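The values are calculated or read from the model by the stated rules, or taken from the named source; none is laboratory data. As the structure is a prediction and not an experimental result, all values here were calculated from the model. Positions of Cβ are generated from backbone atoms using ideal geometry, with glycine treated the same way; all protein chains shown enter the neighbour counts.
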């Protein structure tokens with residue numbers, strides 16, 4: 001049966017191919033099937049996704065004889081998810097009157113969609129729910145569209161403003177010193193190379209990571225109001241940071257000087273990843289493959305982490321409380337070239353991996369049952385997305401503290417413009433996230449010179 005589901009995903013249409021002839025079967029009875037004709041919701045759906053209704057000559061839903069099914073010669077047979085389960089999957093469909101003698105039956109091109117039909121991915125794409133399109137466009141398809149070029153220009157403008165803005169004035173001579181590698185560095189050149197440029201790049205990379213994580217999380221939960229915090233990334237990192245600041249620091253353990261800089265980020269990263277993995281394990285144990293169960297488990301673990309953070313806050317000294325408060329408000333002051341390099345490699349690897357997930361994520365948008373009917377292993381997909389989001393967001397939160405709302409706002413803005421198609425939403429969410437966080441960080445470090453306001457305050461104002 002698993003092989004059948006995999007064959008159901010066989011690509012039968014690219015954008016340059018002729019429109020496939022699709023036979024939508026609403027129900028069946030002995031000797032006939034009920035199909036949608038002209039003016040029916042099935043006709044409207046097929047027209048929307050660029051397919052051709054295999055049956056003509058009648059209005060609404062009408063029964064069709066086996067001879068009429070054979071005469072229609074459909075390229076694809078489309079069922080509702082409930083109907084496909086009732087007939088016994090693809091093998092059951094092939095046993096329906098006349099189906100086995102059609103091109104769809106001979107090539108086992110059968111797919112399903114939820115009874116509520118489909119979520120549109122745009123008029124230029126066939127829907128995965130219709131089973132007549134292969135979601136094989138590359139992850140970077142959106143990079144050739146105008147919105148992306150506009151966002152790149154905005155991002156470069158933000159880079160330019162952020163590089164010039166700050167407590168130390170920067171002149172063209174400072175840039176020339178850097179370009180020619182002159183020694184010794186001027187004060188402006190030193191600030192640019194060692195402080196400002198790595199922080200700017202780090203802010204853009206963290207924003208891109210949070211935007212991508214938010215897009216994946218919203219796709220996983222099929223909810224435009226979801227963000228990585230629902231998976232426990234933020235609460236897990238904050239809980240581990242609170243325990244480190246209050247319990248470990250108050251225990252009197254002598255930590256070597258060389259390790260003191262790394263202890264808090266490493267424990268926060270371990271907390272973020274650990275809570276995400278615990279969330280996935282508990283959710284699968286309690287609710288099998290249910291995404292709703294994953295959401296409820298995430299809420300419960302977030303509440304538990306909040307209780308631990310509250311206890312640590314109660315037990316903390318004034319100095320520990322200030323450290324914990326500042327960490328939870330977020331800051332990009334720790335940005336450095338090694339962190340920029342590490343996060344760049346992590347983000348590039350994530351982009352390569354996400355290219356392999358976007359088709360499955362688009363199918364999941366139609367519902368868990370519909371995704372399973374077209375060959376998606378929902379459990380494995382869920383685990384891969386959770387691990388990827390945990391690694392990306394966990395690294396960002398570990399070094400920057402809690403920076404909220406980027407993972408919610410960036411993909412939500414993109415969704416309003418280009419729709420829910422992950423092939424376009426994911427890369428655009430990265431760019432929007434980078435722009436938002438870069439603007440917020442530039443404002444945070446310049447609005448109250450010589451002091452610096454935590455960047456989390458500005459992102460929360462969004």
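For residue 104, state whether it is surrounded by 15 or more Cβ atoms within 10 Å (Cβ to Cβ), modelled with pLDDT of 75 or more, in contact with a strand residue (DSSP E or B) (Cβ under 6 Å, 6 or more places away or on another chain) and part of a helix (DSSP H, G or I).
Working: surrounded by 15 or more Cβ atoms within 10 Å (Cβ to Cβ): yes; modelled with pLDDT of 75 or more: yes; in contact with a strand residue (DSSP E or B) (Cβ under 6 Å, 6 or more places away or on another chain): yes; part of a helix (DSSP H, G or I): yes.
Spelling it out, residue 104 is indeed surrounded by 15 or more Cβ atoms within 10 Å (Cβ to Cβ), modelled with pLDDT of 75 or more, in contact with a strand residue (DSSP E or B) (Cβ under 6 Å, 6 or more places away or on another chain) and part of a helix (DSSP H, G or I).
From the list 215, 189, 208, 237, pick out the single residue that is free of Cβ contacts under 8 Å to residues at least 24 places away in the same chain and touching a helix residue (DSSP H, G or I) at 6+ places or on another chain (Cβ under 7 Å).
Step by step, each of 215, 189, 208, 237 is checked, and only 189 is free of Cβ contacts under 8 Å to residues at least 24 places away in the same chain and touching a helix residue (DSSP H, G or I) at 6+ places or on another chain (Cβ under 7 Å).
Assess whether residue 414 counts as being under 30 Å from residue 191 (Cα atoms) and part of a helix (DSSP H, G or I).
The answer is no for residue 414.
Does residue 306 satisfy being surrounded by 14 or more Cβ atoms within 10 Å (Cβ to Cβ), assigned by the TED database to the domain that holds residue 451 and in contact (Cβ under 8 Å) with a residue 40 or more places away in the chain?
no
Taking the range 317-356, which residues are farther than 27 Å from residue 197 by Cβ, assigned to a loop (DSSP other than H, G, I, E, B) and modelled with pLDDT of 85 or more?
Listed by number, the residues that qualify are 355, 356.
Considering (1) loosely packed, with under 14 Cβ neighbours inside 10 Å; (2) over 17 Å from the mean Cα position of the chain (by Cα), say which one residue 316 fails and leave the rest.
So the condition that residue 316 fails would be (1).
If I filter the range 414-459 down to residues being surrounded by fewer than 19 Cβ atoms within 10 Å (Cβ to Cβ) and either without any contact (Cβ under 8 Å) to a residue 40 or more places away in the chain or not assigned by the TED database to the domain that holds residue 167 (or both), which single residue comes out as nearest to residue 348 (Cα to Cα)?
Ranking the qualifying residues of the range 414-459, first place goes to 416.
Name every residue in the range 417-462 that is out of contact with any helix residue (DSSP H, G or I) (no Cβ under 7 Å at 6 or more places or on another chain) and in a helix (DSSP H, G or I), in order of residue number.
Going through the range 417-462, the residues out of contact with any helix residue (DSSP H, G or I) (no Cβ under 7 Å at 6 or more places or on another chain) turn out to be 419-420, 445-451, 460-461.
Of everything in the range 417-462, those that are out of contact with any helix residue (DSSP H, G or I) (no Cβ under 7 Å at 6 or more places or on another chain) and in a helix (DSSP H, G or I) turn out to be 445, 446, 460, 461.
Condition first: touching a residue at least 12 places away in the same chain (Cβ under 8 Å), farther than 19 Å from residue 397 by Cα and in a helix (DSSP H, G or I). Now tell me which residues in the range 273-295 satisfy that.
280, 282, 283, 284, 291, 294, 295
Which of the following residues is at positive phi and assigned by the TED database to the domain that holds residue 287: 405, 395? Can you show your working first?
On the way: 395 fails: at positive phi.
It is 405.
Go through the range 400-411 and report how many residues are buried (at least 21 other Cβ atoms within 10 Å of the Cβ) and part of a helix (DSSP H, G or I).
6
Given the criterion under 29 Å from residue 434 (Cβ atoms) and in the same structural domain as residue 224 (by the TED database), identify the matching residue among 317, 267, 281.
267
Within the range 374-384, can one find any residue that is outside any helix (DSSP H, G or I) and touching a strand residue (DSSP E or B) at 6+ places or on another chain (Cβ under 6 Å)? Give the steps one after another, and end with the answer.
Within the range 374-384, the first condition is being outside any helix (DSSP H, G or I), and the residues that meet it are 374-377.
Among the residues that remain, those that are also touching a strand residue (DSSP E or B) at 6+ places or on another chain (Cβ under 6 Å) are: 374.
Yes, the range 374-384 contains a residue that is outside any helix (DSSP H, G or I) and touching a strand residue (DSSP E or B) at 6+ places or on another chain (Cβ under 6 Å).
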